[in-house]
Structures are given as structure tokens and as C-alpha cells.
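Just so it is clear, none of the values below were taken in a lab; they were calculated from the coordinates. Nothing here was measured: the structure is a model prediction, and the numbers come from that model. We place every Cβ from the backbone using ideal geometry, glycine too, and count neighbours over all the protein chains shown.
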Amino acid sequence: MLSAILAVTLVVADLATVEKAYVEWLGYRVIERGVLSAEQAAVWDAPAAAGSRLVVLQPASGAQTYLRLIERPATPGFRAMATHGWNSNEILVEDPGALERRFDAANSPFRVVGPTAPLGSNSSVIAMQAIGPGGELNYFTRIPPTGGTFIKTPAQSPVDRTFIVVLGGPSMDDLRRFYAEVLAMKPTEPYSSTVNVLQDALNLSSDTRTRIALVPISPGFLIELDEYPPVTVPRPRRSGDLPPGMAMVSFASGPFAARALPWVEPPTAGSASVIYSGRRAGVVRGAAGEWIELVETTDK
């Protein structure tokens, strides 16, 4: 049912600071600026967020996968990788090592938490992890020209688009069941791996292993499912508001009539934003409480 990642929505306390970081340090450009309409907030069942300032950013490659920043007050008790839901945005880059060296500057808004290294599962894929100015975790990953195991599309600019989103939840069985049964996807069988940034964030021992499964979407996109340890908790959220941090991921979807979906509110025609272009959109909430926005489309 899912065919592409259209947008990652970050809820941040200081819009200007986060926007500046992505524009000046990562080469993104602002393509939309405005406020969240009451109609859009209602579709999300987040009426408290109506009127919030927002910007939509596009990578230098011109890829039609966007980063949407929405300004909301900070939520007490939230930090990256400590709660269930969307926890990491993985972005294609040409040279993670060069980016890490830039981030070593004293004035960098990005703090490296995982130095550049090959992935254990595929040494030709190289990644670096950094916490951004809104407290968000980003992976910056190089896919070789020949492609990786699932992802076949290398970066088309020094910093390109989101290609993987990482979801953390308390039960791998529940995560896999939701994406298979509700969204008609085909998760892989789980495997166990060390995830250094998660172990460091949660003060876990260095030999702690995390159960991981993948949800392939296309040769350009996938979802990673991580089974989080019991020390993690549901994401705190103010009543009627958006979740903090990596709040929502928007996906291109097949026809809504093809499946009965557990909509938060009935889908409606989207705005003229590039994320929707007038297409119908609605939100469902997944097994880990994650917000999944579906945009009905047949052109991806």
C-alpha cells in the first residue's frame, strides 16, 4: 500500500534555529512557509497545533521527499530514542566522513553521537549519526553507486533526501503485524544487532542486542522496525497536540478504498502544499503510537 516516503515532520520548539541549521549546514532550501490551518490540524486530531508556524524544506537534489518543521512548545519528558514512535530520520549523503568533520566545528548545530563507520550488515554502506538542533536523531548514510541490499539509489547531492525512517516500539510482533495486516506491506523476519546510538542513549551495556526488521517500500525507501527495551516509554504528548520530535511520516499510498483503515479522522482533500497537491490525506496510528500520514496517489 505504501510506495514512497513523501515527508518527515519534525515538531520543534525553535523553528528559526532548526530551519537555519538545515539550510546552512545541509543545503536544504525553503519551498513553503506559513501556518498550520485549522482544517489540517483537525484532520490530524491535533486542534491545539492550529496556527503554528511551519516551513517545508527540500534537499538540494530536488527530490520530492520533504522535511516539514512545525513550531510547538517543548514537551517535558521527551528525548530522542527514549520513547516509542518515530525516532530516527536516515538521510542519503555522498560523504558521511566529510560531514562529520564539518560537524566537529565549535559552532555546529549538529552533535555527532555515532562516528562514521561501515554498517555491520553491509560494509559498503557507511553511516554517521548526529543529534540536530531540535533534539532529533539523524543518520547520514552513503549508499554505494552499485546500491545496497534493499536500497538501490545513492545520493544525488552532498546531502539528499530521507530514505529510511526508524520506528521504535515495545513489541516486534505487534509492529510487524500492523504493517503486514493493516498496511499490506511485507516486513522481513527479525534479526538481532547492536545499535550503538540506542545503547548509549539508554545507558545499556555494549553487548545489548536489538531485534530489528525491515519493511521494504521500493528500491528507494524502507522502514526500519526496532524492538525497544522496557526502559523506554510511550511518547508524552499534550492533549490535542502533535507528538514532539519526529512527529509523523507521510507516505504515498495506494487507493484508500482498497482497504479498511483505522483513520483518526476521515481523510479529506489535502491543501495545495507540495506534500499533498490537493490529494486526499489522512492519519492512522500504528502499533507503537506512531503517526502515519497517508497521501492517496498513483503517481509514485
Checklist line | Likely footprinting exposure, Arg176, Arg161, Arg209, Arg279, fewest C-beta neighbours within 10 Å first | finding: Arg209, Arg279, Arg176, Arg161
Checklist line | Under-5 Å amide H pairs with Met248, H placed in peptide plane, nonlocal only | finding: Thr9
Checklist line | Ranking of Phe140, Phe178, Phe103 by count of other Cβ atoms within 10 Å, fewest first | finding: Phe103, Phe178, Phe140
Item checked: Ranking of Met1, Met246 by count of other Cβ atoms within 10 Å, fewest first -> Met1, Met246
Margin query: Give the average over all directions of the projected area of the C-alpha convex hull of region 130-190, one decimal, in nm².
Written below: 6.0
Item checked: At q = 0.17 Å⁻¹, base-10 log of I(q)/I(0) for region 151-300 (Debye sum, equal scatterers on each alpha carbon) -> -1.15
Check: Where Rh denotes the Kirkwood radius from the mean inverse Cα pair distance, what is Rg over Rh for region 44-145?
Finding: 1.00
Margin query: If I stretch the segment between Ala74 and Ser192 completely, what's the gain in nm (0.36 nm per residue apart, minus their alpha carbon distance), one decimal?
Written below: 39.1 nm
Note to self: Calculate the FRET efficiency for Arg101 and Arg29 from the Cβ-Cβ distance with a Förster distance of 30 Å, rounded to the nearest 0.05.
What the structure shows: 0.80
Notebook entry, point to check: Taking the simple approach of a point 7 Å from Cα along Cα-to-Cβ for both Ala272 and Asp174, what is their distance in nm?
Noted result: 4.2
Checklist line | Label-point separation in nm, Val233 to Ser37, each point 7 Å along Cα→Cβ | finding: 3.7
Item checked: Extension gain from Asn122 to Asp45, taking 0.36 nm per residue of separation minus the Cα-Cα distance -> 23.7 nm
Item checked: Translational diffusion coefficient (Stokes-Einstein; Kirkwood radius from C-alpha pairs) of region 87-234 at 37 °C, 0.692 mPa s, in µm²/s -> 205
Check: Give or take rounding to whole Å, what are the principal axis extents of the alpha carbon atoms in the chain, in descending order?
Finding: 44, 41, 40
Notebook entry, point to check: For the chain, what is the percent of antiparallel DSSP beta bridges, rounded to the nearest 5?
Noted result: 70
